[in-house]
Amino acid sequence: MDTFLNAGVCVVRALFCWLESVVLFFVPAHYRMKSVAGDVTLITGGGSGIGRLLALRLAKRGARIVTWDVNVEGNDETVRLIRAAGGEAHAYTCDLSKREEVYKTAERVKREVGKVSILVNNAGMVIGNRLLEIPDKLIEKTFEVNTLAHFWTCKAFLPDMIASKKGHVVNIASLAGMQGMSRLTDYCASKFAAVGFHESLTVELKVGGHDDVHTTVICPFFINTGMFDGAKSTVIPFLEPEYVADQIETAILLNKEHVIIPGYLTPLFFFKLVLGYNTLFEIAYALKLTDVMEGFQGRKWSPPVPLMNGAGSRTSHNGSASPPPSEHK
């Protein structure tokens, strides 16, 4: 009897959630947006690109911005721009590939600025080589920045969000975290992991009764920020940073849980399940979507770590590891 009762309750709750989403669909977004005024908002990789654009937008809405980046000049420039516009911003130099540095910098932020209520995990890096050409250390670095850093930042700031019953964790992943691509084995794997992290964290918070701590994962197509210089797509155009920043801002204000940018690509993942892998691959191959990374150049630099698999690698970053210049999605 209890089993049937529980099943009935689940059906009713699921139906209520569905009806709620239908009703809210017809309510103008402006009336559904939350206020972020006064919220301490930490954005990793905020020294340029999407991180900077998002920081500027949220600052205009009254958020108190904290930007983390290894690019000191870029980080300071973001703060200068926000303060010039009348907002509040604070810059901290932090290498997200180093766990203890993340924890130490987090304590400084809490002590000097206050408890973080909105966390945006934006920093990331891409190598852009085939698996057998990527030095082992850079594969590790990719996961340290694109995936593991999310664990450290969340462990640093989630307790305060839960205690205050207010918070929002935003993970900037990628469409490459939902579909594998050539020359992106490490990047795709790290972004798949970021999406999985988001989904598991979301369930964990809901099961724990912490519905007042929201989560959002953003999965955009390639963006024209320089991170993927040289890559080309003849069918799906690269996204403009301003457009992506607008979409992320809206997602945060509406507490959306999963956002694909551009939205018209969402049905592709339904087709992935229905058509099967081989069919979808043939379609992608015909449209040359499998060749997007063939001309990739990214930012060239000399890796600061010992190479275990041969010569140097081309790579792009967005404020994640200390040696290279900062780049953002």
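Right, residue 142: crowded, with 19+ Cβ neighbours inside 10 Å, in contact with a helix residue (DSSP H, G or I) (Cβ under 6 Å, 6 or more places away or on another chain) and β-branched (Val, Ile, Thr) or not?
For residue 142, the condition - crowded, with 19+ Cβ neighbours inside 10 Å, in contact with a helix residue (DSSP H, G or I) (Cβ under 6 Å, 6 or more places away or on another chain) and β-branched (Val, Ile, Thr) - is met.
Just to be sure I understand, how many residues within segment 209-237 are closer than 30 Å to residue 159 by Cβ and out of contact with any strand residue (DSSP E or B) (no Cβ under 6 Å at 6 or more places or on another chain)?
So the count comes out to 4.
For segment 226-277, give me each residue that is of a type in the set (Ser, Thr, Tyr) and touching a Ser or Thr at 6+ places or on another chain (Cβ under 7 Å).
Kept after step one, since they are of a type in the set (Ser, Thr, Tyr), are these residues of segment 226-277: 233-234, 243, 250, 264, 266, 277.
Answer for segment 226-277, where residues must be of a type in the set (Ser, Thr, Tyr) and touching a Ser or Thr at 6+ places or on another chain (Cβ under 7 Å): there is none.
Checking residue 72 against (1) surrounded by 15 or more Cβ atoms within 10 Å (Cβ to Cβ); (2) closer than 10 Å to residue 47 by Cβ; (3) not small (Gly, Ala, Ser), which single condition isn't satisfied?
Status for residue 72: all satisfied but (1).
If residue 285 satisfies every condition in (1) surrounded by 12 or more Cβ atoms within 10 Å (Cβ to Cβ); (2) at pLDDT below 80; (3) farther than 22 Å from residue 50 by Cβ but one, which is the exception?
Against the list (1) surrounded by 12 or more Cβ atoms within 10 Å (Cβ to Cβ); (2) at pLDDT below 80; (3) farther than 22 Å from residue 50 by Cβ, residue 285 comes up short only on (1).
Against the conditions (1) surrounded by 14 or more Cβ atoms within 10 Å (Cβ to Cβ); (2) more than 17 Å from residue 123 (Cα to Cα); (3) in contact (Cβ under 8 Å) with a residue 40 or more places away in the chain; (4) among the polar types (S, T, N, Q), where does residue 225 fall short? Just the number, please.
Evaluating residue 225 over (1) surrounded by 14 or more Cβ atoms within 10 Å (Cβ to Cβ); (2) more than 17 Å from residue 123 (Cα to Cα); (3) in contact (Cβ under 8 Å) with a residue 40 or more places away in the chain; (4) among the polar types (S, T, N, Q) leaves (2) as the failure.
I'm trying to understand the selection: among the residues of segment 164-194, which are of a type in the set (Val, Ile, Thr) and surrounded by fewer than 19 Cβ atoms within 10 Å (Cβ to Cβ)?
Matches in segment 164-194: 185 only.
Can you name the residue in segment 91-106 that is assigned to a helix (DSSP H, G or I) and in contact (Cβ under 8 Å) with a residue 40 or more places away in the chain and, of all such residues, is surrounded by the fewest Cβ atoms within 10 Å (Cβ to Cβ)?
Within segment 91-106, the match that is surrounded by the fewest Cβ atoms within 10 Å (Cβ to Cβ) is 103.
Is it fair to say residue 234 is in a loop (DSSP other than H, G, I, E, B) and in contact with a Pro (Cβ under 6 Å, 6 or more places away or on another chain)?
Answer is no for this residue.
Answer with yes or no whether residue 174 is closer than 21 Å to residue 215 by Cβ, hydroxyl-bearing (Ser, Thr, Tyr) and touching a Pro at 6+ places or on another chain (Cβ under 9 Å).
Criteria met by residue 174.
The values are calculated or read from the model by the stated rules, or taken from the named source; none is laboratory data. Everything quoted here is computed from the prediction, not taken from an experiment. Note that each Cβ is placed from the backbone with ideal geometry, even for glycine, and that neighbours are counted across all protein chains shown.
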